[in-house]
1. Scan (1) away from the ligand (no atom under 16 Å from the Cβ); (2) assigned to a helix (DSSP H, G or I) for the single condition Val18 breaks and write down its number.
2. Please enumerate the residues belonging to region 133-142 that are closer than 20 Å to Gly19 by Cα and either of a type in the set (Ser, Thr, Tyr) or surrounded by 14 or more Cβ atoms within 10 Å (Cβ to Cβ) (or both).
3. Could you list, in sequence order, the residues of region 105-120 that are more than 13 Å from Leu85 (Cβ to Cβ) and either out of contact with any Pro (no Cβ under 9 Å at 6 or more places or on another chain) or part of a loop (DSSP other than H, G, I, E, B) (or both)?
4. So in region 5-30, with the set limited to residues that are farther than 26 Å from Asn126 by Cβ and in contact with a Phe, Trp or Tyr (Cβ under 6 Å, 6 or more places away or on another chain), which one is surrounded by the most Cβ atoms within 10 Å (Cβ to Cβ)?
5. Return the residues of region 132-189 that are among the acidic types (Asp, Glu), within 11 Å of the ligand (Cβ to nearest atom) and part of a loop (DSSP other than H, G, I, E, B); say none if nothing qualifies.
6. Name the pairs whose Cβ atoms lie under 8 Å apart, with the first residue in region 42-68 and in contact (Cβ under 8 Å) with a residue 40 or more places away in the chain, the second more than 7 Å from the ligand (Cβ to nearest atom) and of a type in the set (Ser, Thr, Tyr), and 6 or more positions between them or separate chains?
7. Give all pairs with beta carbons closer than 6 Å in which a residue from region 1-20 that is in contact (Cβ under 8 Å) with a residue 12 or more places away in the chain and over 18 Å from Gly180 (Cα atoms) meets a residue that is among the basic types (Lys, Arg) and in a strand (DSSP E or B); count only pairs at least 6 apart in sequence or on separate chains.
8. Of all residues in region 153-162, which are closer than 22 Å to Leu201 by Cβ and at pLDDT 95 or above?
Amino acid sequence: MKKILILLGPPGAGKGTVGRNISSFYNLPLISSGDLLRDNVKNHTQLGEKAYFYIKKGELVPDEIVEDIIKERIGHEDCKNGFILDGFPRTLKQAEDLNKILMNNNKVIVIYLSASDHFLINRLSNRRICEKCGYIYHLINLPPKKDGICDKCGGRLIQREDDKSEVVKNRLDVYHSYTGPIIDYYKKNGNFYEISGEGELEDTLSEIKRILK
Ligand code: AMP
């Protein structure tokens, strides 16, 4: 039986940070649809060229494209005991299709990290990411020791193009229109837990570990 954790929530709610911590704690791979898409953009694949058109505007990449990369990724050997999904599913169609792929015999837990738009705008506009190791900083709450440089690996810190304020607003609108409704879908389908994404990371993590026990 595979253990599958689905992290739901708006952009900036902390899915990536929480996912990384839980991933190393439980030794389950973290699969982020956003990271997989950005890798494709970086490597100039055909898929990446298509995806970039949507990502730069803060819009959703078409379901077929994202579903194909997720299906491919969860077929890898490291997913045989389970995995953690961050950023997928994001539409009702993705959620329904994922349900079909996973079928029975899996333990699926859904954690919804909630946060207000005001909180998210603040967090996203102050977010900086190490381009080398992906570690996430917040310029005010979790600043690097040296300006613009990652404490962990010395990589350069960058602001994601879609974390700029014009795009953030659109991402939140898209979230409310398309991803909000899947919360109800999972609420009805069991094993659903809502946690505030606005709390301290340590508290959020211990709450999740308690649920996963
Ligand atoms: P994220 O890193 O999860 O914030 O995703 C960054 C961007 O990638 C989003 O704004 C979308 O353009 C695209 N994206 C990521 N995951 C999905 C998904 N499941 N469905 C559609 N588009 C996605």
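1. That leaves (1) as the condition not met.
2. Gly134, Tyr135, Ile136, Tyr137, His138, Leu142, listed by residue number.
3. Asn105, Lys107, Ala115, Ser116, His118, Phe119
4. Leu28
5. none
6. From residues that are in contact (Cβ under 8 Å) with a residue 40 or more places away in the chain, the pairs are Leu60/Tyr178.
7. Hits for this filter: Met1/Lys107; Lys3/Lys107.
8. Matches in region 153-162: Cys153, Gly155, Leu157, Ile158, Gln159.
The values are calculated or read from the model by the stated rules, or taken from the named source; none is laboratory data. No experiment lies behind these values; they were computed from the predicted model shown. Here the Cβ is made from the backbone with ideal geometry for all residues, glycine too, and neighbour counts use every protein chain on show.
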